[in-house]
Amino acid sequence: MQSKINEALVHQFYAAFQQLDYTTMNSCYSDDIVFYDPVFELLRGDEARYMWQMLCSNAKDFSLSFGNIVALDDEYCTCDWQATYTFSVTGRRVVNHIRANMRFANGKIIEHSDAFSVHRWSSQALGFSGWLLGWNSFFQRKIKNKAKRNLLRFIQAQSS
């Protein structure tokens, strides 16, 4: 029974994401959510909620599909999702294939990790330089640092 409730929560989260409704997305999270992805890396609590707000607010030509929601047990689910959008920095089209892993407690998502290839993403978002250098850890660190700086600026702007 609990696994069906968790699957419904995953569906609610991504259906809201399709509408760029970060408020509903964030309502699926526990107060002390722990989030990880290969670009933003580890985010906790409000950092994760602000990340979704920033991504939804800045989305251009955005579409999202999701499926293959699988309850592994009463505590964990996985889901495959695909985001298609125009990367604002370069104007290039990105189709990002992502595998989400979520952990649940008390009717909320308490842990969420997204897995995708930074090299594949950078090849699409940045073009030739991303294809050529996107596998390199130094280049990936530059991408991650810029994403984190953008998030911190966004949080500061929302807080003022």
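Cβ-Cβ contacts under 7 Å between residues 6 or more apart (or on different chains), taken from a first residue in segment 100-127 that is under 17 Å from F35 (Cα atoms) to a second residue that is surrounded by 20 or more Cβ atoms within 10 Å (Cβ to Cβ) and among the polar types (S, T, N, Q), are listed as F104/N6. Candidates in segment 141-158 are the residues that are closer than 16 Å to V118 by Cβ and among the aliphatic types (A, V, I, L, M); of these, the one that is surrounded by the fewest Cβ atoms within 10 Å (Cβ to Cβ) is A147. Based on this model, can you work out whether K4 counts as closer than 26 Å to G127 by Cα and either over 15 Å from the mean Cα position of the chain (by Cα) or surrounded by fewer than 14 Cβ atoms within 10 Å (Cβ to Cβ) (or both)? It is false that K4 is closer than 26 Å to G127 by Cα and either over 15 Å from the mean Cα position of the chain (by Cα) or surrounded by fewer than 14 Cβ atoms within 10 Å (Cβ to Cβ) (or both). F13 fulfils the conditions (1) in contact (Cβ under 8 Å) with a residue 40 or more places away in the chain; (2) surrounded by fewer than 19 Cβ atoms within 10 Å (Cβ to Cβ) except for a single criterion, (2). Restricting segment 16-30 to residues that are surrounded by fewer than 18 Cβ atoms within 10 Å (Cβ to Cβ) and without any contact (Cβ under 8 Å) to a residue 40 or more places away in the chain leaves a set whose member that is farthest from K108 (Cα to Cα) is Q19. Annotation: of all residues in segment 123-160 being at pLDDT below 90 and among the hydroxyl-bearing types (S, T, Y), the one that is nearest to E41 (Cα to Cα) is S137.
What do you reckon, is L42 surrounded by fewer than 18 Cβ atoms within 10 Å (Cβ to Cβ) and within 30 Å of F139 (Cβ to Cβ)? Answer is yes for this residue.
Given the criterion more than 23 Å from R149 (Cα to Cα) and at pLDDT 95 or above, identify the matching residue among S65, S3. So the residue among S65, S3 that is more than 23 Å from R149 (Cα to Cα) and at pLDDT 95 or above is S65.
The values are calculated or read from the model by the stated rules, or taken from the named source; none is laboratory data. Treat the numbers as computed from the prediction; the structure is a model and nothing was measured. Neighbour counts are summed over all protein chains in view; Cβ atoms, including those assigned to glycine, are modelled from backbone coordinates with ideal geometry.
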